[in-house]
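**Q** Just dropping this structure here.
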Amino acid sequence: MTAETESASAPDAIIEFRDARYELPGGQVLLNHINLSVARGETLVLLGRSGAGKTTALKLINRLLDPTAGEVRVDGKTTVQWDPIALRRHIGYVIQETGLFPHYTVEQNVALVPRLERWPGGQVRTRVVELLTLVGLDPVRFLGRYPHELSGGQRQRVGLARALAADPPILLMDEPFGALDPLTRGEIRAEFRALEQRLRKTVVIVTHDTGEALELGTRLALLEAGELRGVYSPKEFLQSNEPVAAAYISQLRMVEKTERQP
Amino acid sequence: MSVTAYFAQHWNEILQATIEHLWLVVITMLLACAIGIPLGILAARKPWLSKPILGSANVAETIPSLALFGFLLPLPWLGARADRLAIAALTLYALLPIIRNTVAGITGVDPAVREAARGMGMTGSQILWRVELPLSFSTILAGIRVATVLTVGIATIAAAVGSGGLGEFIFRGLAMVNNAVILAGAIPAAVLALLADLVLGLLERRLRPASAG
């Protein structure tokens, strides 16, 4: 075990999994014995293959799911103690398919949470313009557009702006760049990294892409078949001798090698 | 007597019957929407209620209309007035397409959109009013359109229990073996059905969510 995992009970932990388990009503265990803590301001990547339980872990944080055993704490309170609506408005949520409302303009989509929180109209408008600029979309051109008039990358930017709208301290992202072509993905990823360094949010990102995990994460939590295999800094991960981690690294090396070939 | 001559002679009566007919259809549709849309929402939200709700509506749909009017006749409050009876029976028929399309519209909302709405901290009723209903509106309207056209047709049969409307001419013509009289009921009914179809169809196209158009 590494130094990072020992900081599991660090006092500045904003999200904490304590022996959390999630089991489907049919008895299938999707997550088991998860102990993990996320420090304020860090970017934790949940890495694992499809079906490893990454998305389930994410949904336990904003209470789209309740743990069937153990607990998940956000800001010191268990998610079950939180009012789910208050908890979710406290946490930004970005998903791969964006989930933008097709009948809302870009402006209305981004303004969603501030409106739900009953911000004054003028303030909402200012915030929307600010956010679109932040994610690299020209407000003048994009405010009035509908999601179907946007490219995949633009949609993902709007999804990010919407998640950030009410300035939540925590941001959850479920394969946010997964549906994008490699070039756009690289661009947005780099921009997001720069953005994250400015905003200092606590971010939990789900991905199955090792390169993405190493680029964005301050720490990597490796999940396999519902169990946490280890938590590493990017450097530790690259040097790890554990077979699971090694498998991811060799896959990464292979991609790099093929990409370098003429 | 030729059809045109009959129309010319009885236009006043035909207009009267058309208005009665329209009134039956409008009241029926208002009731059917008021009952069918909430039932459809319920069936979409609670899957265990979906079968009983859709099943009952399906059964109502299979009862022959004349028989249904007969069944309702002995009921105390309903049987007392012909128009009440007719509207109750017509409403039962109109329910199925409305319920079915409401269910289809709501369950057809992109799961990612619903998940995002939940993850964003919208309450159940906010999701219903701001996301699910606006996005399924054109589908629900398509159901209302089918139900309206259906009701215009079945309402002619309601004349059998004395509720008035264009069916009066049809039954009278049948009794008299006079095609002109039958057509005096059938043609306006067909025109009503076509007009309803056209108007609701235009509305539906206009309200279709932007992403689908």
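**Q** Being open to solvent by 10 Å² or more (accessible area, probe 1.4 Å) and polar (S, T, N, Q) is the filter; apply it to region A:71-86 and report the residue that is nearest to the other protein chains (Cβ to nearest Cβ).
**A** Taking the candidates together, the pick is A:Gln81.
**Q** If you don't mind, there's one more thing I want to ask. Is it the case that region A:88-107 has a residue that's polar (S, T, N, Q), touching a strand residue (DSSP E or B) at 6+ places or on another chain (Cβ under 6 Å) and over 25 Å from A:Arg193 (Cβ atoms)?
**A** no
**Q** Would you check which residues across region A:16-30 are in contact with a helix residue (DSSP H, G or I) (Cβ under 7 Å, 6 or more places away or on another chain) and within 23 Å of A:Arg40 (Cα to Cα) and list them?
**A** A:Ala20
**Q** Right, something else. Quick check: is even one residue across region A:34-42 outside any loop (DSSP other than H, G, I, E, B), in contact with a Leu (Cβ under 7 Å, 6 or more places away or on another chain) and facing another protein chain (nearest Cβ under 10 Å)?
**A** No, there is no match, as no residue in region A:34-42 is outside any loop (DSSP other than H, G, I, E, B), in contact with a Leu (Cβ under 7 Å, 6 or more places away or on another chain) and facing another protein chain (nearest Cβ under 10 Å).
**Q** Output the number of residues of region B:36-59 satisfying the condition of being open to solvent by 70 Å² or more (accessible area, probe 1.4 Å) and closer than 12 Å to B:Ala147 by Cβ.
**A** Result for region B:36-59: 0.
**Q** Follow-up. Looking only at region A:167-181, count how many residues are open to solvent by 30 Å² or more (accessible area, probe 1.4 Å) and either free of Cβ contacts under 8 Å to residues at least 24 places away in the same chain or of a type in the set (A, V, I, L, M) (or both).
**A** Adding up the residues that qualify gives 2.
**Q** Further question on the same structure: Quick check on A:Tyr104: is it within 14 Å of chain B (Cβ to nearest Cβ) and in contact with a helix residue (DSSP H, G or I) (Cβ under 6 Å, 6 or more places away or on another chain)?
**A** no
**Q** I'd like to verify a number: residues in region A:200-211 that are open to solvent by less than 10 Å² (accessible area, probe 1.4 Å) and in contact with a helix residue (DSSP H, G or I) (Cβ under 7 Å, 6 or more places away or on another chain), how many?
**A** 6
**Q** Pull up region A:87-99, narrow it to residues that are part of a loop (DSSP other than H, G, I, E, B) and open to solvent by 10 Å² or more (accessible area, probe 1.4 Å), then point me to the one that is nearest to the other protein chains (Cβ to nearest Cβ).
**A** A:Glu97
**Q** Looking only at residues in region B:98-135 that are more than 23 Å from A:Val113 (Cβ to Cβ) and buried (at least 24 other Cβ atoms within 10 Å of the Cβ), which one is farthest from the other protein chains (Cβ to nearest Cβ)?
**A** Step by step, filter region B:98-135, then rank; the result is B:Ile99.
**Q** Only one of B:Leu66, B:Leu78, B:Leu90 is over 20 Å from B:Ala147 (Cα atoms) and either in contact with a Ser or Thr (Cβ under 6 Å, 6 or more places away or on another chain) or of a type in the set (A, V, I, L, M) (or both); which?
**A** The unique qualifying residue is B:Leu78.
**Q** Further question on the same structure: Inspect all residues belonging to region A:116-127 and state whether any of them is at the interface with chain B (Cβ under 9 Å from one of its Cβ atoms) and either in a helix (DSSP H, G or I) or open to solvent by less than 10 Å² (accessible area, probe 1.4 Å) (or both).
**A** Yes, some residue in region A:116-127 is at the interface with chain B (Cβ under 9 Å from one of its Cβ atoms) and either in a helix (DSSP H, G or I) or open to solvent by less than 10 Å² (accessible area, probe 1.4 Å) (or both).
**Q** When the residues of region A:157-166 are narrowed to those that are away from every other protein chain (no Cβ under 11 Å) and under 13 Å from the mean Cα position of the chain (by Cα), which ends up surrounded by the fewest Cβ atoms within 10 Å (Cβ to Cβ)?
**A** A:Leu164
**Q** Looking at A:Arg219, A:Arg229 in this structure, which one is surrounded by fewer than 21 Cβ atoms within 10 Å (Cβ to Cβ) and touching a strand residue (DSSP E or B) at 6+ places or on another chain (Cβ under 6 Å)?
**A** Exactly one residue qualifies, and that residue is A:Arg229.
**Q** Looking at region B:159-213, which of the residues that are within 14 Å of another protein chain (Cβ to nearest Cβ) and open to solvent by 30 Å² or more (accessible area, probe 1.4 Å) is modelled with the highest pLDDT?
**A** B:Arg206
**Q** Looking at region A:11-40, which of its residues are open to solvent by 40 Å² or more (accessible area, probe 1.4 Å) and of a type outside the set (A, V, I, L, M, F, W, C)?
**A** A:Pro11, A:Asp12, A:Arg18, A:Asp19, A:Arg21, A:Glu23, A:Pro25, A:Gly26, A:Gln28, A:His33, A:Asn35, A:Arg40
**Q** Same structure again: Cβ-Cβ under 7 Å, sequence separation 6+ or interchain: first residue in region B:3-20 and over 15 Å from B:Val181 (Cβ atoms) and touching a residue at least 12 places away in the same chain (Cβ under 8 Å), partner of a type outside the set (A, V, I, L, M) and open to solvent by 70 Å² or more (accessible area, probe 1.4 Å). Which pairs?
**A** none
The values are calculated or read from the model by the stated rules, or taken from the named source; none is laboratory data. Note that the structure is a prediction, hence the values are computed from the model and not measured. Every residue, glycine among them, receives a Cβ derived from its backbone with ideal geometry; neighbour counts consider all protein chains shown. Quick note on the areas: whole protein, heavy atoms, side chains included, nothing else; ligands and nucleic acids left out. Shrake-Rupley method; radii C 1.70, N 1.55, O 1.52, S 1.80 Å.
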